[in-house]
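Visitor: Got a structure for you, questions after.
The values are calculated or read from the model by the stated rules, or taken from the named source; none is laboratory data. Quick caveat: nothing in here was measured; it's all calculated off a predicted structure. No Cβ is skipped: glycine too gets one built from the backbone with ideal geometry, and neighbour counts run over all protein chains shown.
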Ligand code: NAD
Ligand code: TYD
């Protein structure tokens, strides 16, 4: 299979490309990535040097000429669209790039793929499109979309375009919605790597609001496996939820991390809440279990230890992301919220 993966220099895309090339000797992958602040070409530098089945193209999923060109000559059997602006806090500061990439970029990719008759398109989405839950219940694929942040609204917009491409053109798109991922290569603006770095530096760990918002955590490899299953077995036009069966409050996650790192809980600092902060996410993934055979394999305690080990042994990666955009982000973040 010849795959076009978009956003492959980001967190989940990097893990997906590595896993798929490892697992499928007959697959080749072209990675189209714009290299925003979140995209790191060095994540896959070893593959660029030594893996002939992998190639990289720097570019924007919204660039019609480029994408049409990449899809000529039936060189691509399937597309997996990870490319996105992905951080809620950034979307609150400035929604525009989220609309440009997540909505218009995805529509461009769908349109080019339709015109070039690509026979499979997996669109990667998120549980956040469903909005927020109270103390009980779970999101299923039939839960109405009720996004609360500019990020989740832009992802919901993309999901609806994917749906429309199936309904209107019978375009073979499958959409996946997953809960919060964690694991290697996650950019340290997201909760777990951000708290890891703050704890290592003995800086305050900024917990929003009362810290009792709940997220369902899934180890990134389990999400990637779900995407693989959707690619190989998903029904055209269908949406599939993936979850990790690991509901935790943010405070519990942060306390566990401090304990694993041997740091005091006094580092925890409650800061102002995120506007529109969703209270709780939980996923009913029974459809994916039934139709695809999906199940998360790693429990949260093991996954968190594995993730922290990865950050401990990959200090070079952390130094690199810290030296540039991340450092500027942290400085402005702490400046704005202290
Ligand atoms: P990320 O921010 O780490 O990576 C995004 C990648 O997309 C980066 O490499 C970036 O350079 C690239 N990109 C951004 N705009 C682009 C454009 N216009 N053209 C080409 N490339 C572009 O994000 P992630 O956490 O790896 O998330 C990947 C996908 O999974 C996103 O669609 C996100 O909405 C979805 N998702 C993420 C999570 C999570 O917990 N991280 C959960 C569910 C779904
Ligand atoms: P995040 O990693 O940004 O993912 P998402 O907003 O997509 O769920 O945040 C996860 C949770 O952690 C969310 O409830 C917000 C909270 N949070 C903090 O309390 N402090 C922080 O510094 C960050 C980044 C997030």
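Visitor: On the basis of being loosely packed, with under 14 Cβ neighbours inside 10 Å, within 13 Å of ligand 2 (Cβ to nearest atom) and modelled with pLDDT under 95, does residue 327 make the cut?
Guide: So residue 327 fails the test.
Visitor: Could you say whether any residue in segment 36-43 is loosely packed, with under 14 Cβ neighbours inside 10 Å and either at pLDDT below 95 or under 15 Å from the mean Cα position of the chain (by Cα) (or both)? Please lay out each step first, then the result.
Guide: Pass one, segment 36-43, residues loosely packed, with under 14 Cβ neighbours inside 10 Å: 42.
Add one more test, that the residue is either at pLDDT below 95 or under 15 Å from the mean Cα position of the chain (by Cα) (or both), and what stays is 42.
Yes, segment 36-43 has at least one match.
Visitor: Can you find even one residue in segment 285-301 that is at pLDDT 95 or above, under 19 Å from the mean Cα position of the chain (by Cα), surrounded by 21 or more Cβ atoms within 10 Å (Cβ to Cβ) and under 28 Å from residue 90 (Cα atoms)?
Guide: yes
Visitor: OK, next. Do we find that residue 98 is at pLDDT 95 or above, over 24 Å from residue 229 (Cβ atoms) and surrounded by 24 or more Cβ atoms within 10 Å (Cβ to Cβ) in this structure?
Guide: When the stated conditions are applied, residue 98 passes them.
Visitor: Still on this structure: If a residue must be in contact (Cβ under 8 Å) with a residue 60 or more places away in the chain and surrounded by 17 or more Cβ atoms within 10 Å (Cβ to Cβ), how many such residues does segment 10-33 contain?
Guide: Within segment 10-33, residues that are in contact (Cβ under 8 Å) with a residue 60 or more places away in the chain and surrounded by 17 or more Cβ atoms within 10 Å (Cβ to Cβ) number 8.
Visitor: Would you please name the residue that is nearest to residue 286 (Cα to Cα), looking only at residues in segment 229-253 that are surrounded by 16 or more Cβ atoms within 10 Å (Cβ to Cβ) and free of Cβ contacts under 8 Å to residues at least 60 places away in the same chain?
Guide: Top of the filtered list is 245.
Visitor: Same structure again: Answer with yes or no whether residue 61 is at pLDDT 95 or above, in contact with a strand residue (DSSP E or B) (Cβ under 6 Å, 6 or more places away or on another chain), under 20 Å from residue 183 (Cβ atoms) and away from ligand 2 (no atom under 16 Å from the Cβ).
Guide: Here the answer is no, as residue 61 does not meet what is asked.
Visitor: Could you check segment 78-95 and list, in sequence order, the residues that are surrounded by 24 or more Cβ atoms within 10 Å (Cβ to Cβ), more than 13 Å from ligand 2 (Cβ to nearest atom) and under 14 Å from residue 154 (Cβ atoms)?
Guide: Within segment 78-95, 81, 83 qualify.
Visitor: Related question: Considering segment 187-198 alone, what residues qualify as being under 15 Å from residue 264 (Cβ atoms) and within 11 Å of ligand 1 (Cβ to nearest atom)?
Guide: none
Visitor: Based on this model, can you work out whether residue 256 counts as in a strand (DSSP E or B) and within 16 Å of ligand 2 (Cβ to nearest atom)?
Guide: No.
Visitor: I'd like the residue in segment 58-73 that is loosely packed, with under 15 Cβ neighbours inside 10 Å and touching a residue at least 12 places away in the same chain (Cβ under 8 Å) and, out of all such residues, is farthest from ligand 1 (Cβ to nearest atom).
Guide: Only one residue tops the list, namely 72.
Visitor: In addition: Against the definition (more than 11 Å from ligand 2 (Cβ to nearest atom) and farther than 24 Å from residue 6 by Cβ), how does residue 275 come out, yes or no?
Guide: yes
Visitor: Okay, moving on. Considering segment 47-56 alone, what residues qualify as being crowded, with 16+ Cβ neighbours inside 10 Å and part of a strand (DSSP E or B)?
Guide: Of everything in segment 47-56, those that are crowded, with 16+ Cβ neighbours inside 10 Å and part of a strand (DSSP E or B) turn out to be 54, 56.
Visitor: Being in contact with a helix residue (DSSP H, G or I) (Cβ under 7 Å, 6 or more places away or on another chain) and within 20 Å of residue 86 (Cβ to Cβ): is that true of residue 148 here?
Guide: Details: in contact with a helix residue (DSSP H, G or I) (Cβ under 7 Å, 6 or more places away or on another chain): no; within 20 Å of residue 86 (Cβ to Cβ): yes.
No: the conditions fail for residue 148.
Visitor: Would you point out which residue out of 216, 201, 210 is more than 13 Å from ligand 1 (Cβ to nearest atom) and within 21 Å of residue 133 (Cα to Cα)? So that I can check it myself, show each step before the final result.
Guide: Details: 216 fails: more than 13 Å from ligand 1 (Cβ to nearest atom); 201 fails: within 21 Å of residue 133 (Cα to Cα).
After applying the criteria, what remains is 210.
Visitor: Looking only at segment 12-43, how many residues end up being touching a strand residue (DSSP E or B) at 6+ places or on another chain (Cβ under 7 Å) and assigned to a helix (DSSP H, G or I)?
Guide: 7
Visitor: Which of the residues spanning segment 117-132 are away from ligand 1 (no atom under 16 Å from the Cβ) and buried (at least 19 other Cβ atoms within 10 Å of the Cβ)?
Guide: Passing the criteria: 118, 120.
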